[in-house]
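Since the structure comes first, as structure tokens, the remarks are kept for the end.
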Amino acid sequence: MKGVHSSPSVLHVLFITARQIALTAADAGFHRQQCYGRVTEILESNNSSITITPSMFISRSDLTNPILTLDGCQQLCGSGTGWYPDSGPRLVAWLLPIILLISNMQFAPIGMQRYLLILHLLGDPIDSTWSLLAKLDSWTRCLSRAQKLVKEKIVIKSLAIINASAEEVSLTFDYAPKSKAFDSKGLLVEAALTLSENKSNEILRTLLAIVLYVFQVLAAFVPAVGAASSPSGGRIGTAMLLSWLLSITLLSNAIGDFGSLRNCRQIIAVLRKRLGSQSDQDFYTQSTSKLTLSLVGVQMEIQTPNEASMAWSGAIYSYRPNKPFFHDSGWKLAFISVLPVTIAFGTAFAVLDTGPTYFSCRHILVIVVFSVWLMSALSTSLLSWASFATGKYLWHIILIKDAVIATTTLALIVTSSCGLWNTCYCWSGALVYGERRARVPLNPATVFDRNNRVVYPAMVATGLSLQVCVFGAMLWVGWPGFRALWWSENEKRAALDMRRDTLASSSATQTDTVDLGPPRDLT
């Protein structure tokens, strides 16, 4: 009798346990593998303690591939969000390369203000790209002005780089071809060589960061590379949504910078003094400080800019509020600046728009982020063209707007990678089919395998290739500006030879015209 009473007790415990599992699942988050194991176990054991109704499954379901309705999924698998247990590795897979790309952006050396440009970059990538292209366009205009004033190739490039650097530090530089200064062209070449030597870029380091980014993206869906046993379209799509950083980082480092803006300003100011320029006007309206120079025999007192004011006065390449649009090549630059973000959006959308769910909640996130970036660029342009705020006030307004957008979008992207949309509703396709026709396949191994082997690699390769093509288009549009500012070693040697010959000619002239007295015995 004792054994008879023990058997009902065990069954009673199993019944209570199964019921508790079902109740817990109703409040827990969705996890496909766990739900698949649970449903398979229930179907195979035919345990009557858990009520299974035909309305929980669609007609094509079988034991190896159960497909739940939306109601069935929420009852058996949980109606909440199932945060991924591997959220850390998911974030590292794309967040670390993104941080490396951002750290390789070339920002102007203006103190702590330079780091605020990260907010503008993430909150308004279109305007950041457009500003970089506008900088290239300004270099092209400097080259065109130089070609109208002088004829020698070396002098043309010298005058172009001097005008470009003068614009960067907000100084005026008006060169007269018939300057009264002796050896005026030689002085131009000498100053231009100094500026060119100070100009720097980190293109090699950036290429290494991009290689790491591509490797991490490949590792997300190639098991042989990254040991990724369960590649995720959501993880790959997130990485591709920020793939516009490839082209803008390459462009930023191709442009480079002039190193110390203070040294750049000093070189221009001294050159103007040696050429006999009477104008000492500059565009600064912000606070400045005086600096006494003693360089190459020239003593002078100039105004040096406050570093804070350089953030909104043109020294930062990725923030240039006074960009033309309705004339010159402004519309062309604006169109090209939209392409990297558009390609990133299209690639992320295509990666996510695959089986078994196709259009899902993640697409809403991608569409919202893309739309916010477009509206951010539009609002930046409208604020820049309006007259109610200029200078530092405009800079602060745009920076606050970008900070809100950057933090919000990054938070959504990070939480999405950690499982924000991992719910029965988002996996069911209810956004497309409606809740009555929605379905959740619990074992779509064949579809996932095809995505990982064929679909994802093709889409990612296409997206990254298009980003490289956009960078090539940027180089093509800004090539005259690059040609003016990039000096090869041969051109530098030719400039040095020209300067040496000019100095030798100047010394010979002075020897012929000045009585130096009898030679002295130096021993």
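Rule-based calculations on the coordinates, nothing more; no lab input. These numbers come from a predicted model, not from an experiment. When we count neighbours, we look across all protein chains shown, and the Cβ atoms used for this are built from the backbone with ideal geometry, even at glycine.
Once you reduce the stretch 234-266 and the stretch 79-99 to the center of their Cα atoms, the two points are 25 Å from each other.
Listed by chain and number, the lysines placed with their C-alpha closer than 30 angstrom to that of LYS185 are LYS135, LYS148, LYS151, LYS153, LYS157, LYS199, LYS273, LYS290, LYS492; residues fewer than eight positions away on the same chain are left out. Checking every one of the trypsin sites (Lys or Arg not before Pro) in the stretch 52-132 against DSSP loop status and a limit of 11 other Cβ atoms within 10 Å picks out ARG60. The simple spin-label model puts a point 7 Å past each Cα toward its Cβ; for THR462 and SER55 those points are separated by 4.2 nm.
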